[in-house]
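Trainee: Okay, handing you the structure first.
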Amino acid sequence: MTTYIGTATSRIDGHAKVTGTAKYAAEFNAPHLAHASVVGSTIARGRIARIDTSRARSVPGVLAVLTHQNRPPMASDDSAYKDDVAPEGAPFRPLYNDRILFSDQPVALVVAEEPEIARLAASLVRVEYHVDLHVTDVHRQRHSTFALEPVERLDDNPFAPPPPRGQPEHSLASADMRHRAEYFVPIEHHNPMELYASTVVFEDEGRLTIYDKTQGVQNVQRYVASVFELDPSHVRVMSPFVGGAFGSGLRPQYQVVLAVLASLSLKRSVRLVLTRQQMYGLGYRPAMLQEIELGINAHGALAAITHEATTVTSQHENYYRQETGWSGLLYRSEHARYAHKLARLDLATSCDMRAPSAATAVYALECAMDELAVALKLDPLELRLRCYSERDQHNDRPYSSKGLRDCYRRGAEAFGWSERSPEPRSMRDGTELVGWGMATGVWEALQVPIAVRIALTANGHAEIACATSDIGTGTYTIMAQVAADMLGLPLDNITVRIGDSTLPQSPVEGGSWIAASVSNGIATTAQAIRAELLHLAKAVPGSPLRDLAPDDVVLLDGRLVSKRDAAHAVSIADVMRHGGVDRIEQEKTASFHHTGAHSHNTHSAVFAEVKVDEQIGIIRVTRVVSAVAGGRILNAKTARSQIMGGVVWGIGMALHEETLIDHTFGRIMNADIAEYHVPVNADVHDIEVIFVDEPDGIVNPLGIKGLGEIGIVGVAAAIANAVHHATGKRVRDLPITLDKLQR
Amino acid sequence: MIGFQYSRAQDVADAVRQIAAEPSAKFIAGGTNLIDLMKQDVERPSRLIDISRLPLRSVEETASGGLRIGALVPNADLAYHPLIAQRYPMLASSILAGASAQLRNMASTGGNLLQRTRCYYFYDTATPCNKRVPGSGCSAIAGLNRMHAILGTSESCIATHPSDMCVALVALDATVHVAGPAGARVIAFADFHRLPGDEPQRDTTLQDGEIVTAVELPERGFSAHYTYLKIRDRLSYAFALVSVAAGLELEGDRIKDARLALGGVAHKPWRDPTAETALRGQPASQATFASAATILLRDAKGYEHNRFKIDLARRAIVRALTQAAAGTPQLQSSKKIA
Ligand SMILES: Cc1cc2nc3c(=O)[nH]c(=O)nc-3n(C[C@H](O)[C@H](O)[C@H](O)COP(=O)(O)OP(=O)(O)OC[C@H]3O[C@@H](n4cnc5c(N)ncnc54)[C@H](O)[C@@H]3O)c2cc1C
Ligand code: SF4
C-alpha cells in the first residue's frame, strides 16, 4: 500500500531544523571542551624548515600547539589512511611530517580554552619553509599528464575510459560533417553552508564520541580507529544533521584527524571548526579540459564520437571518475574513442562534487551536440532524437528503463520549444536578446548493500535505524514514508535514527544511491517484521490468518490483514499481547544483485531561456524547465527541491562559479563566498520541474533510481546553448561572464 | 585575529581624544568591513573604539537647502529616508545596489566611505601587497586583476575603491565633515579618497585622529534625470565591475548640466570635470554620450584580466546617460537593465 510514498510530504525534521533543535557537528557540547584552530601553510610545495610556537604558547589560555614534531603517534602505513572511498595513491596525512603538498595545508594546531584564544594564538605561530617550485595551473600542465588505460570491460573499472568502438578516425574522415572543439570547466568548490567541524568528546577509558560533519559516519569511524590505532569499539561517530556537503564529506576531512589528535593529546574534549577560507583547502571539483569531435552523415546519424579529457588531481592521489563515456549512453554511434588524462597539481586531491564528471563532461558533450545542430541547421532537439540510443553501447545492453523521450517531449511542451526560431540573435525582447537552449542530462541509478533495523512496539510505533546520513536531501523523510507504508502505520508513528556509526551498516551517502538502497532495505526488513508478526498471529487461537503465508498478508492501519479477504485481520497490539512480546525487532541487509543484463540510469531534458542585454552583456536565466526520468519518485516535494537545487547550481556553473588560483603563489584567492560567486536569489527565476512516469521493475523491487545528482547535469549546457542562441557567441570556457561575450 | 581592547566613545570629542592617545586603535561602526579584516589578520588594531552609539544618526535639512547625514546613519535607513528617496534618488539607488539587505542594515555612512578595497591580495597575508604592507610589492599587477582599476593606477597599487554609495556622493558634490585633534574641517568629496601613488596604504586624506561626523549634500539632487547603473558578475550581491552614477539637467533635449561618476574603475570614485563639460550644452544624444565616455576614459589602462572594463565602461556610460536623459533610471529591484 502506498499512502505516503510518492506524496509531497514535508520534511519530518523540518521543525527541528527551523527551530534550531537539530544540532550540527559544531553545536554539541561537552564538559571542559577545548577549542582548536588550524595554522595553514602559506606555500604550495616544499618542506617545513622551522616552526616557532613560543609566542603562541605564551598566550594565556593556550593548552597546546601541536605540530608534526610533537603530535601523538599516528599510524605509519599509507593503508591506515585509506578511507572507504579513497582513490589510489597515498592519502594526505595531516600534521604527519614536514612535507607541504598544497597551500593552506594544516601545519600546526593550536588548542585553547576558548575559540578566540586559539585563533589569536594560531596567528602567532611562525613557520619557515624550504620552498619548492609548484604548479597549480592545469593549462601549464596539460602536456605533462599521464593517461588512464582504457579497459576492456567497464565492469572492471567503471571509472576508466571505456573501450573504443569501430574505427573512429576512419569514420570521422569520411563523415559528411564534423565538429571539433575544446571546452573548459574550472575548479569549483562545494561551499556547503555548514562549516567543516568536529566535536570530539573524550570519555572514560579514552573512548571517543565524535560529532562530525560527514556523509559517512562509519567511514569516519573506521578511518579514525585505523589512523590512531584505536579499538574500533571505542570510537563512535555521530552526524545526525549535515548542513550540505555535496560530496565534500564523502571522505573524512582533515579537521576530524586534528580534533582527535588534540583530544588524545590533552585527554580532553575538543572542538575544531574550520573557517570558510580553510574550507577551500579541502577537495574540489577537478578542472576539466575536454576535446570532443563529432562526425555526422547526411541523414543525421552520428558517424563517430571522440572524447578526450584532462582532469586535475593532486601529487599524491589519483582521483578520477568516468569522464568521457557519457556519450556512449546517450547517442548511438558505431565508432567511438575515449581518452582520459590526469594532470598533477600542487593542490589538495580533487573529489566528488554533485554529479562528479557528468556535470562537467555532459556540459561539453551537450554543447558540442548543439554546435553540430547549428552547423547542420537542425533543431537541437531533433538532432538528439535522431541520435537517440536505446542501448548502453559500452556494455551493449538495454536500460532497465529509459524515459528520456518522454523528458524531451514533456519538457519541450512545457517550455514551448516549438515556438523557437532557429537562427541565433533572432529572438528579442526590447533591449534584450532572447535565447532558448536545451541539453540532455544523464546519471547512474546506483544501489549499495545496506542494513536496516526496525523495532516495532505493540502500540504501533516503529523505530527505523540505519547508519546512513541525511545531508539535507530529505533522507529522514523518505525513510519515514517508506516505513510507514511498509508497516501500515501513520507517518507520525515512525521514528528515524540515522547518522550514528553504531547503527546498522551503511556506506557513505553519495552517488544518489541512498534513497533506492535504504528504501529497499526498509522493505526487506519490514517483510521480516511481517513474517514474525504472522508467526505470532498464527498462534492466536482461532486466528483468521492461520493458513496464510507471509506474502498473503499486508500491514495496514496497525493490523495484519489478509490480502485475500480484508475482513481477515488482527491488530498488531493483539498479536503481540498474545505472543507475550511488547516489541519486535529485525535487522536485514538489502543487497542488489546486478545481473549485468541492463544498465541503470536516470535521464533528464533541460530547457533554458536566457535574456542578454545586447549592449552590456548581462545574462539573466529567466526560465528553466527540467524534465526528469528518475524512476519512482518517493516524495514529490523533496524530489522537486533536489532538482531545483541542481538547476540553481547549474546556473552557477554556467555563469558564476570559478575557484581563482594565483599560480605564482599557488594559492586560492577567492576563498570566501563574497568573492566565490554562486547564484543569489536575483539570479534565479522560474524553474519548472517535471517528473515523467518511469515504471521500472528491474532496477530494484521498489523501482527507485535516486535523484541527488541528475538535477545539475545538462543545466550548464542548456544555458550555454541558450546564450549562443541569444547572442551568436559560443563561449566554451565556463563560467560565461559578460567579458567573454565581448571578446 | 589578534587580542584587542574595547572601549566606547562618549561623544565625538572623546572619540578623537581616545584615538589620538592610541594611534594603533580603530573606530568601529557597523563592523561589517573591519571585523572581516581583523579575522583575516589584515587589520590588527590594539583597541576598538566603538562609535556606534554616538548621536550621529540623524538626517537634517541644512540652511542652504541641502541635507546633513550623520556618519552613523545606517545605509538601509539612508536609502529609504523619504528626503533621500525624493530629492536624491541617485544616492538611494546607489546604496541599494550595494551589498545585501543584512549588510546595509549594519553598515554606516562613515564606514561605507572608509571601507577598504576588495583586492584578493590585500585580504591574504600570505601574499605581498603594498597597501597592507608598504614596500612589499603589488601582487595584483601581474596576478588576478580582473576586478582592478583602469584609471589612476600607479606602479604600487591598482586596487579599486569598492563603494557604490560613494560614486553617487561624488557625483552629487557632497562634502565630508570631519573632526580631529586640530578641530573640525570639511573636505570636498572628490578630495576625500585619494589615488594610490606611492602611498597605497592611504585610502583617504583623513588625517590621524580624525573622525567622520557627517556627509553633507548640497541642494541639487538631479532627481528628474538620474541613474545608478551597476554592472557586476551576478545580478545582486557582488561588487561592481563598473558602475555609473549619472545626473542630467535638461532644457528640451539639450543638456544644461551634467554629473558623471564611475565606480569599480579606480582607487577612488572617479569623476572627471572635462567629461561633464563635454556634455554641457550638447544635445542629449548617443553621439554626445559616446564622446563624453571617450573623454572620461581617455587615460584608461587595462591589465591582463581587466582590459574588458574599458569597453564595458564606455557602454555603461552611454547606457546610463541614456537612462538618465529618458527619465527611466535603473531600478535596483529589477535586474533587467532599463
Ligand atoms: C559580503 C559583502 C559585500 C559587500 N558588497 C558591497 C557592495 O556591493 N557595494 C558596497 O558599496 N559595499 C559593499 N560592502 C561593503 C559595505 O558597504 C561596508 O562594509 C560598509 O559600508 C562598512 O560600514 P561599517 O559601518 O560596517 O564600517 P566598519 O566595518 O565599522 O568600519 C570600516 C572602516 O571605517 C572606519 N570608520 C567607520 N566609521 C568611521 C567614522 N565615522 N570616522 C572614521 N572612521 C570610521 C573604521 O575604523 C574601519 O576602518 C560589502 C560588504 C560585504 C561584507
Ligand atoms: S592592487 Fe593594491 S591592494 Fe591589491 S595587491 Fe596591489 S597593492 Fe595590494
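Trainee: Provide a list, ordered by number, of residues in the stretch A:717-743 showing at least 10 Å² less accessible area with every protein chain present than when their chain is taken on its own, using a 1.4 Å probe.
Mentor: A:THR737, A:LEU738, A:ASP739, A:GLN742
Trainee: Further, regarding this structure: Shape of the stretch A:339-470 from its Cα gyration tensor (a ≥ b ≥ c, root eigenvalues): rounded if a/c is under 1.5, otherwise prolate when a/b > b/c, or oblate?
Mentor: Cα axes put the stretch A:339-470 in the prolate bin.
Trainee: Okay, moving on. Can you figure out the FRET efficiency of A:ARG391 with A:ALA90, using R₀ = 45 Å and their beta-carbon distance, to the nearest 0.05?
Mentor: Computed FRET efficiency for A:ARG391 and A:ALA90 comes out at 0.70.
Trainee: On to the next question. Name the residues of the stretch B:231-265, by number, that are at least 40 Å² less accessible with every protein chain in place than in the isolated chain; the surface is that of heavy atoms, probe 1.4 Å, without ligands or nucleic acids.
Mentor: Buried by the other chains: B:ASP233, B:ARG234, B:LEU235.
Trainee: If you don't mind, there's one more thing I want to ask. Could you tell me the relative contact order of the stretch B:182-292? Use alpha-carbon pairs under 8 Å, at least six residues apart, and round to a whole percent.
Mentor: 19
Trainee: Ignoring ligands, DNA and RNA, please state the percent of accessible area on the stretch A:367-494 from carbon and sulfur, probe 1.4 Å.
Mentor: Carbon with sulfur: 49 percent of the solvent-accessible area.
Trainee: Identify which of B:ILE317, B:ILE19, B:ILE35 has the largest mean-square fluctuation in a Gaussian network model of chain B, with springs joining Cα atoms closer than 10 Å.
Mentor: B:ILE35
Trainee: Moving on. Per residue in the stretch A:413-443, which ones lose no less than 20 Å² of accessible surface when going from chain alone to all protein chains (1.4 Å probe)?
Mentor: A:THR431, A:GLU432
Trainee: Once you put a point 7 Å from the Cα of A:HIS535 and another 7 Å from the Cα of A:ARG207, both along the Cβ direction, what distance in nm separates them?
Mentor: 3.1
Trainee: Let me ask you something else. For the stretch B:286-338, what is the convex hull volume of its Cα atoms per residue in Å³?
Mentor: 81
Trainee: Roughly how large is the A-B contact in terms of buried accessible area, totalled over both chains, probe 1.4 Å, nearest 100 Å²?
Mentor: 3400
Trainee: In the stretch B:11-128, carbon and sulfur make up what percent of the accessible area (probe 1.4 Å)?
Mentor: After summing per-atom areas, the C and S share lands at 52 percent.
Trainee: Also: Using amide H atoms built 1.01 Å from N in the peptide plane, name the residues 5+ places from A:VAL496, or on other chains, whose amide H lies under 5 Å from its own.
Mentor: HN-HN under 5 Å from A:VAL496: A:ILE464.
Trainee: How many nm is it between the label spots at A:GLN277 and A:ASP379, if each spot is 7 Å from the Cα in line with the beta carbon?
Mentor: Inter-label distance under the simple model: 5.4 nm.
Trainee: How many nm separate the modelled label positions at A:ASP132 and A:SER418, each set 7 Å beyond the Cα in the direction of the Cβ?
Mentor: Inter-label distance under the simple model: 6.3 nm.
Trainee: Tell me, what is the percent relative contact order of chain A, built from C-alpha pairs under 8 Å that lie six or more residues apart?
Mentor: 17
Trainee: Using unit Cβ charges (K, R positive; D, E negative) and no other charged atoms, how large, in debye to the nearest 20, is the dipole of chain A about its Cα centre?
Mentor: It comes to approximately 360 debye.
Trainee: How big is the Cα convex hull of chain A in projection, averaged over all directions, in nm²?
Mentor: 33.9
Trainee: Report, in deg cm²/dmol and to the nearest 500, the calculated mean residue ellipticity at 222 nm for chain B, where each DSSP H run with n ≥ 4 adds -39500 (n - 2.57) and the sum is divided by the residue count.
Mentor: -8000 deg cm²/dmol
Trainee: Of A:GLY708, A:PRO106, A:THR525, which is farthest towards the positive pole of chain A's charge dipole, taken about the Cα centre with +1 and -1 on the beta-carbons of Lys, Arg and Asp, Glu respectively?
Mentor: A:PRO106
Trainee: Based on DSSP H runs of at least 4 residues, each adding -39500 (n - 2.57), what is the mean residue ellipticity at 222 nm of chain A after dividing by all its residues, to the nearest 500 deg cm²/dmol?
Mentor: The helix contribution divided over chain A gives -7000 deg cm²/dmol.
Trainee: How high is the FRET efficiency between A:ASP492 and B:ALA326 when r is their beta carbon distance and R₀ equals 56 Å, given to the nearest 0.05?
Mentor: 0.40
Trainee: When ligands, DNA and RNA are left out and all protein chains stay put, how many square angstrom of accessible area per residue does the protein assembly as shown have with a 1.4 Å probe?
Mentor: Normalised by residue count, the accessible surface of the protein assembly as shown is 36 Å².
Trainee: Also: May I ask for the distance between the Cα centers of the stretch A:345-421 and the stretch B:78-111, given as a whole number of Å?
Mentor: 46
Trainee: OK, next. Given a cut-off of 25 Å, name the pairs among A:LYS637/A:LYS705; A:LYS17/A:LYS82; A:LYS17/B:LYS230 whose C-alpha atoms lie farther apart than that in the structure shown.
Mentor: Over 25 Å apart, Cα to Cα: A:LYS17/A:LYS82; A:LYS17/B:LYS230.
Trainee: For chain B, calculate the relative contact order in percent as a whole number, restricting contacts to Cα pairs under 8 Å that are 6 or more residues apart.
Mentor: Value for chain B: 17 percent.
Trainee: Follow-up question, since we're still on this one. Percent of accessible area on the stretch B:175-235 owned by carbon and sulfur, 1.4 Å probe?
Mentor: Answer for the stretch B:175-235 is 47 percent, counting heavy atoms of protein chains only.
The values are calculated or read from the model by the stated rules, or taken from the named source; none is laboratory data. Quick caveat, the model's predicted, so the values are computed rather than measured. Note that each Cβ is placed from the backbone with ideal geometry, even for glycine, and that neighbours are counted across all protein chains shown. Remember, those area values only see protein heavy atoms, side chains included, never the ligands or the DNA or RNA. Shrake-Rupley method; radii C 1.70, N 1.55, O 1.52, S 1.80 Å.
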